[in-house]
Amino acid sequence: MNDILDKFVNYLVIERRLSRNTIDAYYRDMLRFLTFIGYNIINDLKKIRRSDITSYLMNLRKEGLSSSSRVRHLVSIRVFYRFMLNEGFLEDDPTVNIESRRSWRKLPDVLTIQEVDRLLSQPDKDSLYGIRDMAMLEVLYATGVRVSELISLKLNDVNIDVGYLISFGKGSKERIIPIGESAKEKIIGYLNHSRQKLLKGMSIPELFANHSGKKMSRQGFWKIIKKYGKFAGIKSRISPHSLRHSFATHLLERGADLRSVQQMLGHADISTTQIYTHVLKERLREVYDKSHPRA
C-alpha cells in the first residue's frame, strides 16, 4: 500500500502540481480509505467495487464527518483512480457512477444579482478607501478569484488595455482570467486617485494597499466586505467567497459552460465545479414553487 501511495503522491507533485496541503489531504484520505476496505488483506485494487466506496462514504457520515469533508474524500478517491487508470494499473474506474449527492455537500452561499448590485454600490466613490474597496469588490466579482489571490495580485498581474489579469492559485498554478469594463474602470480609478496616497510614499508590488501602505490582509478584507454587506441590507451570510460563488453561478445561469467556469475558478477537478449545477437546480426549484399556480 505504501508503494502505491508513494507513486500517487509523486503523480500529484509532478503532474498535477498541487499544493503541499492538498497533497497531504489526498494522501490521508486515501490511506484512510484503503485501510477501511482492508487493502492489506485484499491486496488487489481490481477487487474494490463501487459498493465498497459508497459503504466507506456512508461510514464517514456515521462517524460525524461534515458534508464538505465527505465530498473531499470522494474527490480524493476519484483523483486516485484517475491516476491508476493513467498509469495503466487499472482498466475500470468504480467511481464513475458515484454522484456527489447534495446531502454530502453544503451548498455555497450565493447572492442574487440585485444583492451584488447593492453591495457594489456601497463604497464611497469620493474617498480613498471607498475607491479602493470598490475596485477590490468589482475585481472579486468580475473574476471569481479567491481572497488570497485578490490580495496577492501584483501591479504587473493586471493588463488593463487587453482586459485580463493573471492569478496564481493553489499549488502556484497560473491562470488568465478576463475582466469586464466595470472592473477595469474601477481599477483605473483606484490607480489614478487612491493607491499612491494610501502608500504614503512607500512602495509595494501588490496592487491593493491597506491604510498603512502595506499589502491588504485577508482579515482586513473580510471586515470590509462584511461591513458593506451590512450596509447593503444583505441578510444571508456574506464573505469574500460569496462573490466567488456568485460569479460562478451567474455565469452558468447565463449559459457559460462548466469547463470554462472550472478554468476561471482554478479548480483542479471538474467535480468541484459541479456543485454550482446543484445551486442552479435549487434556484429553479424555488422559482417554480413561488411561481407555478399548482406548485
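The numbers here are math on the coordinates, done by the rules we state, and not lab data. Remember, predicted model here, so these are calculated numbers, not experimental data. Because the Cβ atoms are built from the backbone with ideal geometry, glycine has one as well, and the counts that use them run over all protein chains shown.
Put the Cα centre of segment 65-94 next to the Cα centre of segment 23-38 and the gap is 10 Å. Under 13 Å from a label point set 7 Å out along the Cα-to-Cβ vector of His193, the amide N atoms of segment 131-171 belong to 131-135.
The length gained by stretching the chain between Gln263 and Phe89 to full extension, at 0.36 nm per residue less their Cα-Cα distance, is 59.8 nm. State whether segment 2-98 is rounded, prolate or oblate according to the following rule on the C-alpha gyration tensor (a ≥ b ≥ c being the square roots of its eigenvalues): a/c under 1.5 gives rounded; otherwise a/b larger than b/c gives prolate, and the remaining case gives oblate. Oblate shape, in that a/c is at least 1.5 and b/c is the bigger or equal ratio. Taking each DSSP H run with n ≥ 4 as -39500 (n - 2.57) and averaging over every residue of the chain yields -18000 deg cm²/dmol at 222 nm.
Roughly speaking, what is the stretch gain from Asp161 to Thr112, that is 0.36 nm per residue apart minus the C-alpha to C-alpha distance, in nm to one decimal? Gain on extension, Asp161 to Thr112, equals 14.7 nm.
Loop sites here are GluC sites (Glu not before Pro) outside DSSP states H, G, I, E and B with no more than 15 other Cβ atoms within 10 Å. The longest part of the chain free of them is 100-295.
Computing Cα extents along the principal axes in Å for the structure here picks out one of (i) 69, 57, 34; (ii) 56, 44, 37; (iii) 73, 66, 36, namely (i). Using a Cα-Cα cut-off of under 20 Å, which aspartates and glutamates could be cross-linked to Lys173, ignoring same-chain neighbours fewer than 8 residues away? Candidates past the 8-residue exclusion: Glu15, Asp24, Glu149, Asp157, Glu206, Asp269. Approximating the spin labels as points 7 Å out from Cα along Cα→Cβ, the Arg218-to-Lys125 distance works out to 3.3 nm. Overall, the chain carries a charge dipole of about 960 debye about its Cα centre when +1 sits on the Cβ of Lys and Arg and -1 on the Cβ of Asp and Glu, all other atoms neutral.
Please give me the summed charge of the neighbours of Arg16: other residues whose Cβ is under 14 Å from its Cβ, Lys and Arg +1, Asp and Glu -1. Summing Lys/Arg as +1 and Asp/Glu as -1 gives +3.
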